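The values are calculated or read from the model by the stated rules, or taken from the named source; none is laboratory data. Please read all numbers here as calculations on a predicted model, not as lab measurements. Neighbour counts are summed over all protein chains in view; Cβ atoms, including those assigned to glycine, are modelled from backbone coordinates with ideal geometry.
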Amino acid sequence: MRRTILVAAILVALVAFVSTGEAQPAGDRWAVIVGIDDYQDLGKLTTARNDAKTLAQTLIENGGFAENRVILLTDDAAEPQNRPTLATMKRRIEQVAALAGKGDTLLVYFSGHGVTRKSNFNDSTSPEEGLLVPMVGDVDGALALSWLKDVLSKSQAKSKMLILDACHAGSAAKGVGGIAPSLVAETTGLVMLLSSAAGQVSYPDDDGTRSVFSKYLTEGLAGAADANGDNILTQAELLNFVRKRMTDWSLKTGKTQTPVAFPKVADEFALACLQPGAKVPIRPPAELRVPPGFKARAGTAAEPYSKTDWAKELVHEATGIELVFIPSGKFLMGSPVSEEVRSKDETQHEVTINQSFYMGKYEVTQGEWQKVMGNNPSNFKGSDRLPVEMVSWNDCRAFLVKAGGGLRLPTEAEWEYACRAGTRSPFNGGETISTDEANYAGNYVYGSGRKGEYRQKTMEVGSFRPNAWGLYDMHGNVWEWCADWNRMYRNWLNTDPTGPGSGTDRVLRGGGWGAVPRRCRSASRGKGNPDRRGIDVGFRVAVDLK
């Protein structure tokens, strides 16, 4: 039986830094904050969205979190990429879990509906699983706590905290408290904080706009929990503060709600570096580093990965092409043998991208091509924002030379690394894809996906939400040329691979408007003669840091 509950979850990676016997903050602080009130089928909520926004503001203004490292996802967000659909939630959580280093703090907060149900509907003795429901309210497409466990276990963060504010007053559900302890037992370094003990419920505050537990949690993070006044907030200080405030609240109201933690939290784990009243500034574009021939995009900040003040987003001055910073790192290139309808040329292997680089935010448009080349070879016309197509690999090379500024084609490894943006699923949005997310042959499906619209033409770049690194249309619309000659992977060439020195075909990636969804997967590989032109073939650019 499905049982609806209200869940607020925080996953916090907390790092011990003990040199003088006292807790000290170390590394970067990352946060993904999710709040959902407006569910259609499961009942509207009143506190989740407000709790999420208040927490995000508190982390920035008082907790030492840089504004450009706090990602806020709410169901009322104006930008589609900031709305907590299942795909966006998974992509963001995977991203921050992958980016969190051994000295970093990682915080992911979820506030919304949750459910518990049997993991096997046909077996009454099967264990229950806990699910967090995204904004569309589809329980069958909810986020499993077991998935969270897997993501946390792969993170390099030394320790993690999972906080559940569940089983709220007025709900008939018993909550996920019986499921949660297994996550602690099986995941190294995981600490769990539950808003209430077994058999209790979690209450809203007097005016119904905040969860009492989250209200005191936020107060503590704002500095009230810093018991010794050293401006370093630890796990233990925060838990003790919340417990004391809720004890006082219980005595006042006659209601009982007692937060509990598994296992015991430690004083040496620093959660925040308190800066009461001090907002962490974003450096203005004039102070940011950019390659020659580029300028920082208006309103952008420093990229949050390397701490070297490179602009997060660039504009190529000669063409107007926009680019996004891609951090160096490691990833699994190719697909696992278990991936549905994979090809034999997708052997999975670890690849290192040693140098950060910039990647085109969009596929090169017809307007940008016209500006440089003075013509428009495309079959589909009608807008300068449509991707240029009917361009060969050699045509693209001529464009790049004429445009200048060091623009180049990405290598195949760079392309897949940037497409995945920290994910390992078939698509950067999850296990399947829909025509609400990309432009492809929607009369075909992948995995558990559903048929959608087959548009039979290109669409303006940026028509769908971007991946976790801010890149648009990495799946579908037009195939994209890469720099490499095509060949089977060589597993020993796993650091900045550039492909063979010669060949007959160049690599194509991403799939196009006419491609079936399996050909649009992150790992799927295409190829074409360097002189080939097609109405579904275009490209995007890259540039080195210099």
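Residues of segment 345-366 that are of a type in the set (Gly, Ala, Ser) and either out of contact with any strand residue (DSSP E or B) (no Cβ under 7 Å at 6 or more places or on another chain) or in a loop (DSSP other than H, G, I, E, B) (or both): SER356 alone. If you scan segment 501-541, which residues turn out to be of a type in the set (A, V, I, L, M), closer than 28 Å to GLU431 by Cβ and touching a Pro at 6+ places or on another chain (Cβ under 8 Å)? Selection gives ALA523 alone. Look at (1) at pLDDT 95 or above; (2) of a type outside the set (Phe, Trp, Tyr); (3) assigned to a loop (DSSP other than H, G, I, E, B) and you find that ASP484 fails only one, number (3). Every condition in (1) under 28 Å from ARG487 (Cα atoms); (2) in contact with a Phe, Trp or Tyr (Cβ under 8 Å, 6 or more places away or on another chain) holds for ASP436 except the one numbered (1).
Any residue that is outside any helix (DSSP H, G or I) and surrounded by 19 or more Cβ atoms within 10 Å (Cβ to Cβ) - is there at least one of those in segment 367-377? No: segment 367-377 contains no residue that is outside any helix (DSSP H, G or I) and surrounded by 19 or more Cβ atoms within 10 Å (Cβ to Cβ). Cβ-Cβ distances below 6 Å connect the following pairs, each with a first residue in segment 428-455 that is farther than 22 Å from LYS90 by Cβ and free of Cβ contacts under 8 Å to residues at least 24 places away in the same chain, a second residue that is surrounded by 15 or more Cβ atoms within 10 Å (Cβ to Cβ) and small (Gly, Ala, Ser), and a separation of six or more residues or different chains: GLU453/GLY442; TYR454/ALA441; TYR454/GLY442. Under the condition of being within 24 Å of ARG397 (Cβ to Cβ) and assigned to a loop (DSSP other than H, G, I, E, B), the residues counted in segment 490-512 number 14. The one condition from (1) closer than 20 Å to LEU471 by Cα; (2) in contact with a Leu (Cβ under 8 Å, 6 or more places away or on another chain); (3) not in a loop (DSSP other than H, G, I, E, B) that ARG397 does not meet is (1).
Within segment 113-172, the set of residues being part of a loop (DSSP other than H, G, I, E, B), more than 23 Å from VAL201 (Cβ to Cβ) and either modelled with pLDDT of 75 or more or not assigned by TED's automatic domain parsing to the domain that holds ALA52 (or both) comprises PRO134, MET135, SER155, GLN156.
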